[in-house]
Amino acid sequence: MKKSSIIWLFSGLLITQAVAPTSAFAEANSSDKKSVVKNVENKGFSEEIKKKRDALLRLDKEILSLEAEIKELNQSLKKEKELEKKKVELQEKEELLIERWEGFSNRLADWQIKGNPDMQFLEVLFGSKSFSDMISRAYTFQTLMTAEQEQIEQLQEATNELEKEKDELEKEVEELKQQKKLVEEKQEDVNAKRKKMENELKSLEKKEFERIQKELKEQEERKKRLLEEQVTNEQFNELRSLTKELGADMNSHFIRPATGRLTSPYGMRPNPFGGSGTEFHTGIDIANPIGTPIMATADGEVIKTVHSNQGYGNYIVLKHIINGKVFHSLYSHLSMVGVNVGENVKQGEVVGLMGSTGRSTGSHLHFEIQDENRQHMNPDLLLDKGEKKEKKEKKDDDDKASKDKKSKKSGS
Ligand SMILES: [Zn+2]
C-alpha cells in the first residue's frame, strides 16, 4: 500500500490539533482514504485520545489563567518599591525627629544643669532694658519654646503616620508574596500534570498509529489473498469495499484486471471453437477458476452491464478518462456482475467475478480496451507498464508470500 496513505490516516486522527503537541506523525494531508479512517476511528484508542486532548486543552486554559494571575501579582508587587521608598522616608523623618528632640532636650537640660530652671529665663529677662522690654522678651522666649514643642509634636505625628503606612504596605506586600508563592506552586503542579498527560497522549497516539497500520496491513493482505482466490458473493462485497478503500497497488494508467494465465493474446488467431479459418481476437483472455475477482483496470464509471447467455455472456463496460482522453474497458463471460450503471469505481476495485457465460470454452476473462470511438486497442501494450510494476512488487512480496502460504492454503 502507499506509504502516504498511512501517514494521512494517522494525521486524520490528529485533526483536532488545537492542543495536540507538535507530533512527529501529524504531517501530510491527502484526499480519498477517509472511509478507512472512519472504519477504524471508532475502535481502538481514539476515544481515549479525544478525552486526553480535551483534558490538555483544559489544562492549557488553566495555565494561561495562572500566568495572567502571576502577571497581575507582579504588577501589584511594584508596591515593594513604594515600600522601600517609604522606609527611607521614614528613616529620614526619624533622624530629623531625633535631631530636633536632642536639640530641644539639650536646651532644657541646660536649665536643669544650672539647678535653676528659671536661670536662663532670668538671664534673658535681666538683659531687658525696660519692664515692657522684659515682658516682651519673656513672651518671645515662651512663644519660641512653644513653637519648637509644636514642631516636634507635628514631626512625631508625621513619623507615626508614616510608620503606620509602612506597616500596612509591608503587610500588603507580604500577602502578595504569599499569594504569588501559592499561584506559582499551583502553576508548577499544573505544568507537571500537563507534561504527564502530554506524554500519555503521545504514547496513545503512537499505539493508535501502530494499530491502524497493523489493521491496514491486515486488510491489505486479506485483499491480496482474496484477489487470488475464488470468492463467494459475500466475500465479493467485502472485497469490493476493501479494494475501493485501499485502491490499487500499482500506479499505472491500466492495471491487469485479474490474476491468471494469459491464454490468448490480442490479434489474429485460429478459431478457438474449431472449424476452419481465423478470427480477429479483440482483447486478451486471462484464465482462472470461476469466482476469481475481476478488478477495474482504471478509475472509471460503469456505463453498461449486461446479463446474457450469448456472445460476451455477462459483461461490464467501464468508461475512463485518462489525461483528458476517453477509453472504455470491457470485462466479459462473468459469473457475477457486481456493479450497476452509473457507479464510479476505483482502479483495482473488484467489479465482478470470472466465469464462462456466453460464447466461451471455459472459465476465463475476455478483456478489451477501446478508444473513445470504441475502436479496439491492444491491451497488452497498454498494460505493459502496469505488469512490469506488478512483477516487481511480486518479487518484493516473495519473502512474505512464503510466510503467508500456510494461512492462505488453509483459507482456500
Ligand atoms: Zn477473448
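Which entries of Lys61/Lys81; Lys85/Lys186; Lys87/Lys177 show an alpha-carbon separation above 30 angstrom in the structure shown? The pairs that break the limit, which is 30 Å between Cα atoms, are Lys61/Lys81; Lys85/Lys186.
Taking other residues whose beta carbon is less than 12 angstrom from the beta carbon of Glu161, and scoring Lys, Arg as +1 and Asp, Glu as -1, yields -2.
Glu148 sits among other residues whose Cβ lies under 10 Å from its own Cβ, and their net charge, with Lys and Arg +1 and Asp and Glu -1, is 0. What's the local net charge at Gln370, with K and R +1, D and E -1, over the other residues with C-beta under 13 Å away? With Lys, Arg at +1 and Asp, Glu at -1, the neighbours total +1.
Bear in mind these aren't lab numbers, they're just calculated from the coordinates by the rules spelled out. Given the structure is predicted, the values throughout are model-derived calculations rather than measurements. All Cβ positions, glycine included, derive from the backbone under ideal geometry; neighbour counts span all protein chains shown.
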